[in-house]
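The values are calculated or read from the model by the stated rules, or taken from the named source; none is laboratory data. Note that this is a predicted model, so its numbers are computed, not measured. Neighbour counts are summed over all protein chains in view; Cβ atoms, including those assigned to glycine, are modelled from backbone coordinates with ideal geometry.
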Amino acid sequence: MRYLAISGGRCWYWSRYRPGFDSWNSAYDQSIILTRWRLPQCNQRRTTSAPVVVIDISARAWSVFRAFPLDVPQFGVSPEIGITNLPSRIHLDRPGTFAHAETLPDRRRLEVQAWVQAVWIEWSDGSPSTSHSLGTAVGDPGEIRHTYRLKSCPPEYRANHLDGAKCHPAHDRYPVTVTFEWTARYRAGGSWQQLGSINRPTSTRYDVDEVLGVLSS
């Protein structure tokens, strides 16, 4: 089969004959890709009646999920400058949820829903990433907290200062990364089916210092 043909603007099928997009000509590659993405495949045993539409429901649901404008985390860390051995806290805005419904060419109704299943925090000091439910993450301020043991320092300070050993060996600021784990489900006239997950991360650079006590005279 050489040519990708479109039947009535509703579905596509492969054909030995024109008209259609010529798969042997690379100039038609983009048109073939877009057509196969936008339209379902027809039943290739063509008759005088309308073609039977074959739809991959999960593939269509996944394309809807990918098209949602999934939020990245909007967050802050307090205090503005961290202090070693005292907790730093994440403050996180609540993301929205998404829902989509459409009528498929075979007249079934496809529904897709997406929400944040989990919030992941990477503190970048060698400690394991932590996972939190969305309710915990955007609940009372300070629910997500972490204590840094080493301050962040420029390379010159680490190499030359007497207190260089108190610095993290690599970071002049800690890259704190927060990731939304977006999860989706779908149904087309039946029960809900899990679709999968997409991660959306964002990062900030966080300075951590230390406070030293000084005896007054």
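Exactly one residue among Gly189, Gly196 is small (Gly, Ala, Ser), surrounded by fewer than 17 Cβ atoms within 10 Å (Cβ to Cβ), in contact with a strand residue (DSSP E or B) (Cβ under 9 Å, 6 or more places away or on another chain) and assigned to a loop (DSSP other than H, G, I, E, B), and that residue is Gly189.
The number of residues in segment 160-190 being under 20 Å from Arg89 (Cα atoms) and of a type in the set (A, V, I, L, M) comes to 2.
Taking the criterion of being aliphatic (A, V, I, L, M) and within 21 Å of the chain's Cα centre (by Cα), the residues of segment 66-100 that qualify are Ala67, Leu70, Val72, Ile90, Leu92, Ala99. Across segment 88-107, the qualifying residues are those that are in contact (Cβ under 8 Å) with a residue 12 or more places away in the chain and aliphatic (A, V, I, L, M), and the one among them that is surrounded by the most Cβ atoms within 10 Å (Cβ to Cβ) is Ile90. Of Thr183, Thr177, all but one fail to be surrounded by 14 or more Cβ atoms within 10 Å (Cβ to Cβ), over 25 Å from Val77 (Cβ atoms), at pLDDT 95 or above and under 19 Å from the mean Cα position of the chain (by Cα); the exception is Thr183. Scanning segment 134-171 for residues that are hydrophobic (A, V, I, L, M, F, W, C) and within 24 Å of Pro73 (Cα to Cα) gives Leu134, Ala137, Val138, Ile144.
This table checks each residue for (1) modelled with pLDDT of 80 or more; (2) of a type in the set (Lys, Arg).
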| site | (1), (2) |
| --- | --- |
| Ser7 | no, no |
| Ser31 | yes, no |
| Arg45 | no, yes |
| Val53 | no, no |
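Of the residues making up segment 164-174, not a single one is touching a residue at least 40 places away in the same chain (Cβ under 8 Å) and either of a type in the set (S, T, N, Q) or exposed (fewer than 14 other Cβ atoms within 10 Å of the Cβ) (or both).
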